[in-house]
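Mind looking over this structure? Questions follow.
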């Protein structure tokens, strides 16, 4: 959660600034006049290309993280990118939001929570099994290679990331058999 706070603060500030700009634009002057060329140049100069790219990169990296964790194809580029920089930022923001929304709801979340109840703490660092679903290193290398390389063993992953790695094993045909006793207690096998 600590890692998300700075990002959430920046996102909130951007959203407030965007909302203020939209409100000011919607009200507009009483008798609208066409913008002068100098006004258009000023608007374009306010938004530096590096700032646009930084905003897009934030959303892309958040999208890519969850796509990799879920085992989904990574969206590298937009098929038809909008010409307007603010629109490109908005599109990537929507993609990141939708991806994160899907990631918040693993298909078998109740099953993983039940297994976790009998296994251990989400932050259990004791070898040879790590995390709340007690994954060994071979399991982590096979189904959570991206997270293992990025964050270390499963005890450093969020509960949601641990569930998605287990979900990938389930989809690969392993079922709930890596947790034979606890899966039986939960009525899964």
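Would you check if there is a residue in the stretch 86-101 being closer than 25 Å to residue 155 by Cα and in a loop (DSSP other than H, G, I, E, B)? Spell out the reasoning first.
Let us first name the residues in the stretch 86-101 that are closer than 25 Å to residue 155 by Cα, namely 99-101.
Add one more test, that the residue is in a loop (DSSP other than H, G, I, E, B), and what stays is none.
Taking every residue of the stretch 86-101 in turn, none turns out to be closer than 25 Å to residue 155 by Cα and in a loop (DSSP other than H, G, I, E, B).
Which condition number does residue 170 fail, the rest of (1) touching a helix residue (DSSP H, G or I) at 6+ places or on another chain (Cβ under 8 Å); (2) touching a residue at least 24 places away in the same chain (Cβ under 8 Å); (3) within 27 Å of residue 74 (Cβ to Cβ) being met?
Failing condition for residue 170: (1).
Could you tell me whether the stretch 180-189 includes any residue that is free of Cβ contacts under 8 Å to residues at least 40 places away in the same chain and not in a helix (DSSP H, G or I)?
Step one: filter the stretch 180-189 for residues free of Cβ contacts under 8 Å to residues at least 40 places away in the same chain, giving 180, 184, 187, 189.
Next, from what is left, pick out any that are not in a helix (DSSP H, G or I): 187, 189.
Yes, that holds for at least one residue.
Would you confirm, using the coordinates I've provided, whether residue 63 is farther than 18 Å from residue 167 by Cα, out of contact with any strand residue (DSSP E or B) (no Cβ under 6 Å at 6 or more places or on another chain) and either assigned to a loop (DSSP other than H, G, I, E, B) or at pLDDT below 95 (or both)? Give the derivation first.
Values: farther than 18 Å from residue 167 by Cα: yes; out of contact with any strand residue (DSSP E or B) (no Cβ under 6 Å at 6 or more places or on another chain): yes; either assigned to a loop (DSSP other than H, G, I, E, B) or at pLDDT below 95 (or both): no.
So residue 63 fails the test.
May I ask you to verify whether residue 98 is in the same structural domain as residue 173 (by TED's automatic domain parsing), loosely packed, with under 13 Cβ neighbours inside 10 Å and either within 25 Å of residue 62 (Cα to Cα) or modelled with pLDDT of 95 or more (or both)?
On the way: in the same structural domain as residue 173 (by TED's automatic domain parsing): no; loosely packed, with under 13 Cβ neighbours inside 10 Å: yes; either within 25 Å of residue 62 (Cα to Cα) or modelled with pLDDT of 95 or more (or both): yes.
Considered against the rule, which asks whether it is in the same structural domain as residue 173 (by TED's automatic domain parsing), loosely packed, with under 13 Cβ neighbours inside 10 Å and either within 25 Å of residue 62 (Cα to Cα) or modelled with pLDDT of 95 or more (or both), residue 98 comes out as no.
To continue, here is another question. Quick check: is even one residue across the stretch 117-134 in a loop (DSSP other than H, G, I, E, B) and under 30 Å from residue 52 (Cα atoms)?
Of all residues in the stretch 117-134, those in a loop (DSSP other than H, G, I, E, B) come to 120-129, 131-134.
Checking which are under 30 Å from residue 52 (Cα atoms) leaves us with none.
No: the stretch 117-134 contains no residue that is in a loop (DSSP other than H, G, I, E, B) and under 30 Å from residue 52 (Cα atoms).
If you go through the stretch 152-159 one residue at a time, do you hit one that is touching a residue at least 40 places away in the same chain (Cβ under 8 Å) and part of a helix (DSSP H, G or I)? Talk me through it step by step, then tell me what you get.
So the first thing to find is which residues in the stretch 152-159 are touching a residue at least 40 places away in the same chain (Cβ under 8 Å), and the list is 159.
Narrowing the set further to residues that are part of a helix (DSSP H, G or I) leaves 159.
Yes: one or more hits.
The values are calculated or read from the model by the stated rules, or taken from the named source; none is laboratory data. Computed from a predicted model, the values in this text were never measured in an experiment. Every residue, glycine as well, gets a Cβ built from its backbone with ideal geometry; the counts of neighbours run over all protein chains shown.
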